[in-house]
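Here the structure comes first, spelled out in structure tokens, and everything after it is commentary.
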Amino acid sequence: MDNALPAASAPAAVDLAFTVNGSPAKVAVDPRESLLDVLRERLDLTGTKKGCDHGQCGACTVHVDGRRVVSCLTAAVQVDGRAVTTIEGVEGPDGELHPLQQAFIDHDALQCGYCTPGQVMSGLACMAEGHTRDDAEIREYMSGNLCRCGAYAGIVAAIRETARRTGH
Amino acid sequence: MPTRRNFLRGAGAATALVGVETVGSPLTAAALAGDETLRQPYARRVDARDKVRGAVQYGADHVPARLTHAVPVVATIGKGRVVEFDTTAAEAVPGVRLVLTRIPPGELRSAPFIMAGGFAVQGYQPMTSDRVAYRGQMIALVVADTLVAATEAAALVTARYETEPFAVTLDADGTETLLQATVIPRFPDTVMGDADAAYATSPVKLDATYDGPPQHAMPIELLASTVEWQGENLIVRESTQNANAVRHGVAYELGISADRVEVISPSAGGAFGQKNSFQMHLGPLALAARRVGRPVKLVVPRTQTFHAGSFRPASRQRIRLGADRSGRMLAAIHEIDAQTSRHDLFPMQYTELTGRMYDIPDFRGRHQLVRTDAQTPGYMRAPFEHIAAFALESSVDELAYKLGKDPVALRLANDAPTTDPISGHPFTSRHLAECLRRGADRFGWVDRRPGVGSMRAKDGTLIGWGVAVGAYKAATAPATAVLRAESLGRRRCRVTITVDGHEMGQGIRTAITNLITGNLGVATEDVVVVVGDTRGVPPQHSTAGSWGTATALPAIDAAMGKLREQLGLRPSGPIDLPAAMSGRAPVELQARTKAPGQPDDVWDRVAAGGAAGAGPEYPAFTSMSYIAHFVEVRIEPRIRRIRVPRVVSVADCGRVASPVTAVSQVRGGVIWGIGATLREGGEVDPRFGGFLSASLEDYALPVNADIGDIDVSLIDKPDPLLNSVGVKSLGEVSMVGVAPAIANAVWHATGRRVRRLPIRIEDVI
Ligand code: FES
Ligand code: FES
């Protein structure tokens with residue numbers, strides 16, 4: 001037991017207020033909790049996926065104030081007062097798909113679907129950032145999102161087409 | 001505080017179990033595959049709508065009330081035993097409910113290995129003894145109210161060990177080498193004629209050794225389970241390819257009846273063989289859930305999956321190929337040493353491919369298992385075929401160069417078009433030559449300059465063009481299909497199919513939907529497919545070995561035949577089921593099919609949770625799928641980075657049951673091949689044991705920017721013998737041959753024959 005660490009007492013909970021998909025949220029979080037775990041385990045927003053918990057796969061990508069972040073490496077306390085958008089907030093109020101979601105279907109940009117929420121969130125950001133000048137640029141700026149099934153060609157095609165159609 | 005559902009915009013809650021919705025216009029085979037065949041309108045991927053909304057529920061997406069969280073503690077020695085645990089600090093963490101260390105006898109027993117007639121990914125259940133069989137093995141499990149508390153407490157569990165020497169590489173001291181034919185007699189070596197004599201007298205001889213690294217499947221969905229006791233019954237939510245084995249495995253370990261376990265796995269977030277059996281975490285997790293009296297969720301951390309999941313074993317292959325001066329292959333000797341664990345014998349089948357890829361009259365294979373201190377290896381996509389093709393097809397390329405022959409022409413000249421050289425029986429169908437011809441055409445092979453280093457871009461980039469072929473068994477397993485037809489008025493009829501099968505992203509729901517809409521004349525949106533759920537009649541036999549489609553579809557086809565008969569409709573040809581069912585009470589019936597020649601007692605095996613796949617050899621024939629890959633590599637002039645800007649792949653998988661998903665399967669397989677050739681090498685540490693490259697940073701998967709154009713074409717000729725639907729296999733054959741096609745292109749570009757994967761920059765400097 002020579003390498004036993006002293007037991008840390010749980011840090012005090014922190015009250016957070018932020019918006020998720022346009023609705024206000026108030027949660028008391030452990031300062032060590034990731035945004036990803038708060039979304040999934042506390043707010044039941046399980047569309048955002050955990051693929052590594054280390055910022056290496058992109059499955060957990062969400063938007064904070066309109067910019068993409070990996071929510072596994074974002075401490076939940078960092079989003080106090082901010083606006084978080086998850087995959088559940090992408091479709092319209094009556095459930096109509098965002099054009100990029102429709103393009104993912106049209107170009108079969110997925111297989112198992114596990115990386116897909118993160119790909120869609122990254123794809124939206126990729127368009128908003130203007131990183132869609134050509135396929136090579138889309139590929140580069142989508143390379144933080146692993147797809148083990150290998151649906152990359154469809155993902156690039158979906159983003160390319162949506163960017164063109166929506167004027168990005 | 002708002003309720004949880006407030007955050008869900010629009011249609012809201014995730015669609016459960018059978019979320020089959022379809023949008024978009026019908027596609028055609030021609031539009032997708034560039035194929036001229038056009039038989040019927042095909043559905044797009046039927047579960048895509050739920051997937052782009054994040055609405056599909058995978059194993060860890062269930063958040064029941066009173067949920068607790070489990071985090072494993074893993075061994076930090078290469079091998080030995082745990083002498084003592086200190087759990088005091090862990091237990092003191094607020095919110096911790098249980099620190100489970102060594103499980104007392106009588107509470108949990110080790111389920112047998114799936115390839116030894118059992119259910120489990122390995123025949124050794126950690127935590128049922130004081131053993132540490134390998135570094136990274138689970139030794140304790142912490143359950144707490146929150147994930148942070150469980151994570152903190154898991155880090156505070158300490159163990160005192162007694163260490164033992166260990167071996168983690170094929171050559172290490174302390175390994176044990178076993179002749180497979182002796183230790184697993186039901187996996188004998190393939191021998192035809194006298195290969196040693198024929199090789200000795202061959203005018204042209206090649207003799208080389210090829211090294212394959214350990215590789216890890218790494219589906220993006222982690223190994224994860226949410227378990228919940230409801231009275232005496234256990235509900236398991238876990239993404240799997242084998243709900244039947246999960247059910248029977250956990251029941252066996254706990255000593256309860258399998259009837260008391262239900263496994264719910266509507267969709268897996270990728271599996272690739274890693275999720276094909278009962279996993280090591282589930283027994284302890286179910287026990288923990290019973291002790292704490294609450295549902296428990298375990299998401300195995302990514303770094304731990306490198307030791308918690310099975311893997312493609314390290315291999316060394318010596319291949320000797322003899323030919324005459326015209327390039328006619330006369331003899332092949334293929335000897336393989338590959339890794340297994342101390343506790344299991346993982347049967348290898350490398351020569352299943354090499355013995356029948358070409359018409360080689362004299363052949364000898366030999367498999368040796370090398371025991372190492374690791375978890376038991378497993379069936380990672382194209383487990384043997386991928387690396388066997390690397391050896392064989394690199395040798396064939398070498399032969400072509402040695403004789404000054406075109407690599408495509410040499411392969412065509414050695415084709416075995418009709419007869420399986422191993423069994424002497426006919427192939428059910430084999431369109432390999434057409435794959436090669438069509439591929440050469442689509443790739444523009446005629447423009448290839450054969451000389452090594454002869455194709456260069458203006459900036460000095462080296463260009464290489466390579467070709468290789470692959471094959472994979474067309475296996476079949478028993479399946480039960482339950483069909484329910486229910487009139488929804490004069491024009492609509494809902495057809496619900498429950499069948500043995502699992503959706504891992506390969507598109508089985510879409511293939512099934514296409515079969516039903518094509519046969520019964522019902523609309524895509526009126527087809528409901530239930531797979532991966534033990535709560536129905538079909539036991540949910542494993543979906544692996546690329547047999548999913550060729551297993552589920554014939555059973556459904558038989559059920560549809562029965563339905564036609566029961567309704568007095570003609571046995572084949574178009575029918576109007578909605579009209580026939582209008583005004584009638586719902587009809588429910590079932591049918592079951594098994595592989596050609598399988599005995600009736602196979603149903604007992606399936607009912608007991610066992611694996612029962614058959615093929616490629618059936619009593620009267622052999623059935624395989626085929627593929628040809630054409631690859632261009634570009635090697636940057638200064639830093640020598642190897643890129644693959646374009647690939648052309650042509651596959652013969654029998655009838656194409658679902659063009660949309662089939663094309664995607666092949667692309668995915670090619671990307672797996674690119675990863676396996678240029679990126680993925682599991683590094684082991686001979687000093688400390690275990691896998692060193694245990695993260696997605698150190699074990700690099702192909703990213704979007706690594707992938708160029710992949711042109712996929714499918715022969716789409718129904719197999720006339722294997723089953724009533726004419727489908728063979730696809731998911732794994734798509735990867736076979738990519739590695740040698742890349743390696744052969746690297747040779748063409750550089751004159752370097754790389755015989756070890758992955759090929760790295762230093763190999764071409
Ligand atoms: S889970 Fe966040 S990047 Fe992988
Ligand atoms: S669709 Fe399976 S990981 Fe991307």
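The values are calculated or read from the model by the stated rules, or taken from the named source; none is laboratory data. Predicted model, so just to flag it, every value in this text is computed and none were measured. A quick note on method: Cβ atoms are made from the backbone with ideal geometry, for glycine too, and the neighbour counts reach across all protein chains shown. For accessibility, only protein heavy atoms count, side chains too; no ligands or nucleic acids. Shrake-Rupley method; radii C 1.70, N 1.55, O 1.52, S 1.80 Å.
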Given the conditions (1) modelled with pLDDT of 95 or more; (2) in contact with a helix residue (DSSP H, G or I) (Cβ under 7 Å, 6 or more places away or on another chain); (3) more than 26 Å from residue A:122 (Cβ to Cβ), and given that residue A:26 satisfies all but one, which numbered condition is not satisfied? (2)
Give just the number: which of (1) open to solvent by 10 Å² or more (accessible area, probe 1.4 Å); (2) out of contact with any helix residue (DSSP H, G or I) (no Cβ under 7 Å at 6 or more places or on another chain) does residue B:383 not satisfy? (1)
Of all residues being under 18 Å from residue B:66 (Cβ atoms) and basic (Lys, Arg) in the range B:275-304, which is surrounded by the most Cβ atoms within 10 Å (Cβ to Cβ)? Just the residue, please. B:297
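Looking for whichever is at the interface with another protein chain (Cβ under 9 Å from one of its Cβ atoms), open to solvent by 50 Å² or more (accessible area, probe 1.4 Å) and within 16 Å of ligand 2 (Cβ to nearest atom) here; the options are A:106, A:94. Which one fits? Let's see the steps before the verdict.
Working: A:94 fails: within 16 Å of ligand 2 (Cβ to nearest atom).
Unique residue meeting the criteria: A:106.
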When the residues of the range B:512-546 are filtered to those that are part of a helix (DSSP H, G or I) and open to solvent by less than 10 Å² (accessible area, probe 1.4 Å), which remaining residue is farthest from the other protein chains (Cβ to nearest Cβ)? B:520
Inspect the range B:141-153 for any residue being at pLDDT 95 or above, crowded, with 23+ Cβ neighbours inside 10 Å, of a type in the set (Asp, Glu) and closer than 25 Å to residue A:29 by Cα and give the result as yes or no. yes
Within the range A:114-168, how many residues are more than 9 Å from chain B (Cβ to nearest Cβ), within 30 Å of residue B:265 (Cβ to Cβ) and in contact with a Pro (Cβ under 8 Å, 6 or more places away or on another chain)? 0
Condition (residue is under 26 Å from the mean Cα position of the chain (by Cα) and on the phi > 0 side of the Ramachandran plot) applied to the range B:47-70: is it met by at least one residue? yes
If you check every pair at least six apart or on different chains, which have Cβ atoms under 9 Å apart with a residue in the range B:739-765 that is without any contact (Cβ under 8 Å) to a residue 60 or more places away in the chain first and a residue that is among the polar types (S, T, N, Q) second? B:754/B:394; B:763/B:750
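Tally time: how many residues in the range B:725-745 are assigned to a helix (DSSP H, G or I) and under 19 Å from residue B:215 (Cβ atoms)?
Of the residues in that region, 9 qualify.
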Among the residues of the range B:323-343, are any assigned to a loop (DSSP other than H, G, I, E, B) and of a type in the set (Ser, Thr, Tyr)? yes
When the residues of the range A:37-57 are filtered to those that are out of contact with any helix residue (DSSP H, G or I) (no Cβ under 7 Å at 6 or more places or on another chain) and more than 7 Å from every other protein chain (Cβ to nearest Cβ), which remaining residue is farthest from ligand 1 (Cβ to nearest atom)? A:42
If residue A:20 satisfies every condition in (1) open to solvent by less than 10 Å² (accessible area, probe 1.4 Å); (2) within 16 Å of ligand 2 (Cβ to nearest atom) but one, which is the exception? (2)
Output for the range B:379-403, where each listed residue is among the charged types (D, E, K, R) and under 30 Å from residue B:611 (Cα atoms): B:381, B:385
Mind checking whether some residue in the range B:290-303 is free of Cβ contacts under 8 Å to residues at least 60 places away in the same chain and not in a loop (DSSP other than H, G, I, E, B)? no
So residue B:159 fits all but one of (1) open to solvent by less than 60 Å² (accessible area, probe 1.4 Å); (2) under 31 Å from the mean Cα position of the chain (by Cα); what number is the exception? (2)
Checking residue B:268 against (1) open to solvent by 10 Å² or more (accessible area, probe 1.4 Å); (2) small (Gly, Ala, Ser); (3) within 14 Å of chain A (Cβ to nearest Cβ), only one condition comes out false. Which one? (1)
Residue list for the range B:675-689, filter: more than 12 Å from residue B:216 (Cα to Cα) and open to solvent by less than 10 Å² (accessible area, probe 1.4 Å): B:677, B:685, B:689
Residues satisfying the stated conditions in the range A:33-62, i.e. open to solvent by 10 Å² or more (accessible area, probe 1.4 Å), assigned to a loop (DSSP other than H, G, I, E, B) and hydroxyl-bearing (Ser, Thr, Tyr): A:46
Cross-chain or 6+ apart pairs with Cβ under 6 Å, the range B:48-62 first and facing chain A (nearest Cβ under 7 Å), then open to solvent by 20 Å² or more (accessible area, probe 1.4 Å) and among the acidic types (Asp, Glu): B:49/B:21
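In the range B:417-455, what residues are part of a loop (DSSP other than H, G, I, E, B) and surrounded by fewer than 17 Cβ atoms within 10 Å (Cβ to Cβ)?
B:417, B:418, B:424, B:425, B:444, B:449, B:450, B:451, B:452, B:453, B:454
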Any chance residue B:713 is open to solvent by less than 10 Å² (accessible area, probe 1.4 Å), in a strand (DSSP E or B), assigned by TED's automatic domain parsing to the domain that holds residue B:651 and at negative phi: yes
If we ask which residues in the range A:80-89 are more than 8 Å from every other protein chain (Cβ to nearest Cβ) and within 14 Å of the chain's Cα centre (by Cα), their number turns out to be 3
All-but-one check, residue B:586 against (1) closer than 23 Å to residue B:500 by Cβ; (2) open to solvent by less than 30 Å² (accessible area, probe 1.4 Å); (3) in contact with a Ser or Thr (Cβ under 9 Å, 6 or more places away or on another chain); (4) touching a residue at least 24 places away in the same chain (Cβ under 8 Å), failing number (2)
Which pairs have Cβ atoms under 9 Å, sit 6 or more apart or on different chains, and link a residue in the range B:673-699 that is away from chain A (no Cβ under 14 Å) and among the aromatic types (Phe, Trp, Tyr) to one that is assigned to a loop (DSSP other than H, G, I, E, B) and within 16 Å of ligand 2 (Cβ to nearest atom)? B:691/B:216; B:691/B:699
I'd like to verify a number: residues in the range B:700-717 that are more than 9 Å from chain A (Cβ to nearest Cβ), of a type in the set (Val, Ile, Thr) and out of contact with any Ser or Thr (no Cβ under 7 Å at 6 or more places or on another chain), how many? 1
Unique residue being among the basic types (Lys, Arg), within 14 Å of another protein chain (Cβ to nearest Cβ) and out of contact with any Leu (no Cβ under 9 Å at 6 or more places or on another chain) when the list is B:449, B:509, B:491: B:509
Go through the range B:588-636 residue by residue and tally those that are of a type in the set (D, E, K, R) and not in a loop (DSSP other than H, G, I, E, B). 7
